[in-house]
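Notes follow the structure.
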């Protein structure tokens with residue numbers, strides 16, 4: 001039993017236990033780092049998404065606000081379409097646009113528009129239509145021959161301006177191609193270091209345009225699984241020939257070079273174009289560096305160029321002609337712009353190449369992430385193994401995460417390197433989470449053990465106090481065990497039938513079970529000649545006997561004063577003080593009536609009287625079960641709470657089983673005489689008055 005004063009605080013897990021767990025956490029951390037690192041190297045989709053999110057954040061943080069210095073987009077936007085005419089424009093109008101741009105001596109021109117079908121408004125096409133449909137030979141005079149075929153005229157303008165044309169490759173189906181497409185520029189070097197996408201078909205400009213275009217580049221774009229465009233293919237293989245993208249071909253045109261070279265270095269493959277090195281991955285794809293100043297609709301409207309009002313903006317720059325018109329659908333979501341035109345994407349890549357700002361994801365990035373994850377996990381596990389406080393481990397982990405973030409940011413801004421951060425950050429978080437879970441589990445286990453110790457101490461306290469009562473009243477035998485189980489069975493049935501559910505929680509029922517043995521502890525204050533008297537008590541003796549209820553309450557409360565917090569002896573004191581009160585108010589010691597009697601006392605009264613009736617006492621022989629039940633029924637609403645008594649009757653089979661399981665040791669030898677004692681004692685079986693009188697005796701002495 002607890003001594004006076006404050007109870008001992010709940011102990012935490014021992015240092016040795018925490019260190020043992022630290023060893024397991026070290027091993028678990030290393031395994032987590034290995035698993036995540038290998039998953040990162042295998043391009044596991046969730047890790048890729050996290051790294052892409054980090055790349056987007058870095059792109060936004062390092063984006064330049066100034067307009068691009070070497071590129072410009074001539075945009076056939078909605079304003080131009082409204083002013084000049086709806087799409088598709090006649091090819092001569094596109095030719096006029098190219099001629100207007102070429103007149104300003106740009107570094108290069110690229111037409112990010114694919115024209116695979118003939119222009120149906122050409123004069124030559126109209127002549128052919130009349131000839132085919134009506135058999136009429138239409139003669140057109142006064143028009144130069146070159147202007148009679150719009151496609152040929154645009155092809156001528158492409159040739160004269162040296163503009164880079166567009167084409168589109170198919171990878172899912174084959175398209176017949178009579179004449180193999182040539183890019184107009186070459187790519188050589190360490191091509192075997194790349195695993196280029198191999199196209200099955202190509203969609204090119206109509207023949208009069210394509211045949212006169214000196215250099216062409218493909219306009220294929222691929223978005224990541226989340227729908228965001230972050231990288232573009234720079235090289236594609238088709239029929240054994242390596243083709244450049246529109247952006248790469250434009251850079252080569254601007255630099256005046258007709259060949260690019262693939263090299264493979266320590267950080268991965270690159271494409272060397274003149275003095276510029278363009279990092280690519282093994283598939284020949286390059287990351288795109290987007291800037292705020294090259295926004296999705298930041299180009300020069302085509303109508304301004306046609307009107308001769310954009311000369312200064314074109315001179316010396318690489319010009320990408322395209323369209324941001326909503327109806328044409330050439331829009332792409334990027335880290336900076338929710339709807340950037342295809343021409344804008346191409347211009348951003350051209351600018352990145354010319355500025356040597358194309359980001360590189362080094363081939364050793366996955367290995368570095370794995371090693372960093374192992375380092376972090378080892379440091380964390382080492383700290384835990386050394387018994388460091390969890391707050392120290394968290395602080396070190398945050399420092400690692402911060403250092404990783406700073407390193408990745410500096411590498412991107414100053415070295416244009418994209419370092420994977422998902423693996424080390426997840427490793428750090430996973431180990432800390434595992435440490436918290438382990439710490440919680442240890443605390444929970446120790447708390448559970450401590451609660452068990454408290455429960456054992458509580459049980460020992462109650463049983464010790466009950467043993468004191470038993471030494472004064474040896475004939476009760478297994479009485480306390482039986483009444484314990486009667487009380488719990490009655491309480492559970494009451495709760496199951498919806499009675500007193502606000503009181504009868506599982507915890508309260510457990511307290512009732514533990515406290516029931518102390519109901520008669522007050523008998524230690526009753527003299528032996530009264531407590532053990534075999535015959536009727538005198539009036540003076542009854543006064544002393546009845547005082548055992550108050551004695552019990554005082555004894556228990558005097559002990560409970562030394563226990564702080566949730567006092568488990570309060571219920572025991574309540575039972576000891578009130579289990580002799582009666583429903584009609586005629587009981588003792590306080591004469592409580594009806595619901596004023598605590599529920600614990602009402603339940604104990606039923607259990608105590610039944611056990612006193614069916615078992616031998618120094619002052620009486622046992623009654624048969626059936627007669628005891630009949631006798632108690634007569635006092636329903638008088639001595640007993642009707643609801644509690646009905647619950648008792650409802651579990652009669654369980655009551656009989658409990659009585660048999662905890663029978664007094666000396667009763668088994670006398671069980672054959674169970675029906676005789678009434679006659680021997682001079683009782684008239686079935687006589688209501690005698691039965692009630694016997695219950696009155698048992699209520700007061702039991």
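The values are calculated or read from the model by the stated rules, or taken from the named source; none is laboratory data. All figures in this text were calculated on a predicted structure; none of them were measured in a lab. Cβ atoms come from the backbone with ideal geometry, glycine included; neighbour counts cover every protein chain shown.
Residue-by-condition table, conditions (1) exposed (fewer than 15 other Cβ atoms within 10 Å of the Cβ); (2) farther than 13 Å from residue 25 by Cβ; (3) in contact with a strand residue (DSSP E or B) (Cβ under 8 Å, 6 or more places away or on another chain):
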{"site": "370", "(1), (2), (3)": "no, yes, no"}
{"site": "383", "(1), (2), (3)": "no, no, no"}
{"site": "393", "(1), (2), (3)": "no, no, no"}
{"site": "413", "(1), (2), (3)": "yes, yes, no"}
{"site": "422", "(1), (2), (3)": "no, yes, no"}
{"site": "427", "(1), (2), (3)": "no, no, no"}
{"site": "430", "(1), (2), (3)": "no, no, no"}
{"site": "444", "(1), (2), (3)": "yes, yes, no"}
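Tell me, please, whether a residue that is assigned to a loop (DSSP other than H, G, I, E, B), modelled with pLDDT of 85 or more and in contact with a strand residue (DSSP E or B) (Cβ under 8 Å, 6 or more places away or on another chain) can be found in the stretch 141-161. Looking for residues that are assigned to a loop (DSSP other than H, G, I, E, B), modelled with pLDDT of 85 or more and in contact with a strand residue (DSSP E or B) (Cβ under 8 Å, 6 or more places away or on another chain), one finds none in the stretch 141-161, hence no. Here are the criteria: (1) surrounded by 19 or more Cβ atoms within 10 Å (Cβ to Cβ); (2) touching a strand residue (DSSP E or B) at 6+ places or on another chain (Cβ under 8 Å). Tell me which single one residue 208 does not satisfy. In the conditions (1) surrounded by 19 or more Cβ atoms within 10 Å (Cβ to Cβ); (2) touching a strand residue (DSSP E or B) at 6+ places or on another chain (Cβ under 8 Å), residue 208 misses (2) alone. Look through 5, 14, 23 and report the one residue that is at pLDDT below 90, surrounded by fewer than 14 Cβ atoms within 10 Å (Cβ to Cβ) and within 30 Å of residue 405 (Cβ to Cβ). Answer to the check: 23.
Scanning the stretch 594-609 for residues that are part of a helix (DSSP H, G or I) and either in contact with a strand residue (DSSP E or B) (Cβ under 7 Å, 6 or more places away or on another chain) or under 13 Å from residue 491 (Cβ atoms) (or both) gives 599, 600, 601, 602, 603, 604, 605, 606, 607. Residue 571 passes every criterion in (1) in a loop (DSSP other than H, G, I, E, B); (2) surrounded by fewer than 23 Cβ atoms within 10 Å (Cβ to Cβ) apart from (1). In the stretch 328-348 there is at least one residue matching the filter, namely being part of a loop (DSSP other than H, G, I, E, B), more than 30 Å from residue 277 (Cβ to Cβ) and touching a strand residue (DSSP E or B) at 6+ places or on another chain (Cβ under 6 Å).
Just one of (1) outside any strand (DSSP E or B); (2) touching a helix residue (DSSP H, G or I) at 6+ places or on another chain (Cβ under 8 Å); (3) surrounded by 16 or more Cβ atoms within 10 Å (Cβ to Cβ) fails for residue 283. It is (2). Within the stretch 54-67, which residues are surrounded by 15 or more Cβ atoms within 10 Å (Cβ to Cβ) and either part of a helix (DSSP H, G or I) or touching a strand residue (DSSP E or B) at 6+ places or on another chain (Cβ under 9 Å) (or both)? Hits for the stretch 54-67 are 54, 55, 56, 57, 58, 59, 62.
Scanning the stretch 98-119 for residues that are in contact with a helix residue (DSSP H, G or I) (Cβ under 8 Å, 6 or more places away or on another chain) and at pLDDT below 90 yields 118, 119.
If you go through the stretch 593-609 one residue at a time, do you hit one that is within 30 Å of residue 660 (Cβ to Cβ) and over 54 Å from the mean Cα position of the chain (by Cα)? Looking for residues that are within 30 Å of residue 660 (Cβ to Cβ) and over 54 Å from the mean Cα position of the chain (by Cα), one finds at least one in the stretch 593-609, hence yes.
Within the stretch 475-555, considering only helices (runs of 4 or more DSSP H) that don't extend past its boundaries, which have at least 2 residues that are in the same structural domain as residue 647 (by TED's automatic domain parsing), without any contact (Cβ under 8 Å) to a residue 12 or more places away in the chain and surrounded by fewer than 16 Cβ atoms within 10 Å (Cβ to Cβ)?
506-515, 539-546
Among the residues making up the stretch 394-425, those that are more than 23 Å from the chain's Cα centre (by Cα) and in contact (Cβ under 8 Å) with a residue 40 or more places away in the chain are 408, 409, 412, 413, 416, 417, 418, 419. Evaluation of residue 299 against the conditions (1) in contact with a strand residue (DSSP E or B) (Cβ under 9 Å, 6 or more places away or on another chain); (2) at pLDDT below 90; (3) farther than 18 Å from residue 68 by Cα shows that the sole unmet condition is (3).
Can you find a residue in the stretch 300-309 that is outside any strand (DSSP E or B) and within 40 Å of the chain's Cα centre (by Cα)? Scanning the stretch 300-309, I find no residue that is outside any strand (DSSP E or B) and within 40 Å of the chain's Cα centre (by Cα), so the answer is no. Inspection of the stretch 170-180 identifies no residue that is within 16 Å of residue 241 (Cβ to Cβ), out of contact with any strand residue (DSSP E or B) (no Cβ under 6 Å at 6 or more places or on another chain) and surrounded by 19 or more Cβ atoms within 10 Å (Cβ to Cβ).
So, in the stretch 246-269, of the ones that are assigned to a strand (DSSP E or B) and either in contact with a helix residue (DSSP H, G or I) (Cβ under 6 Å, 6 or more places away or on another chain) or touching a residue at least 40 places away in the same chain (Cβ under 8 Å) (or both), which residue ends up nearest to residue 418 (Cα to Cα)?
The extreme case among them is 268.
Taking the stretch 262-271 as the range and being crowded, with 16+ Cβ neighbours inside 10 Å and within 15 Å of residue 188 (Cα to Cα) as the test, the residues that pass are 262, 264, 269, 270, 271.
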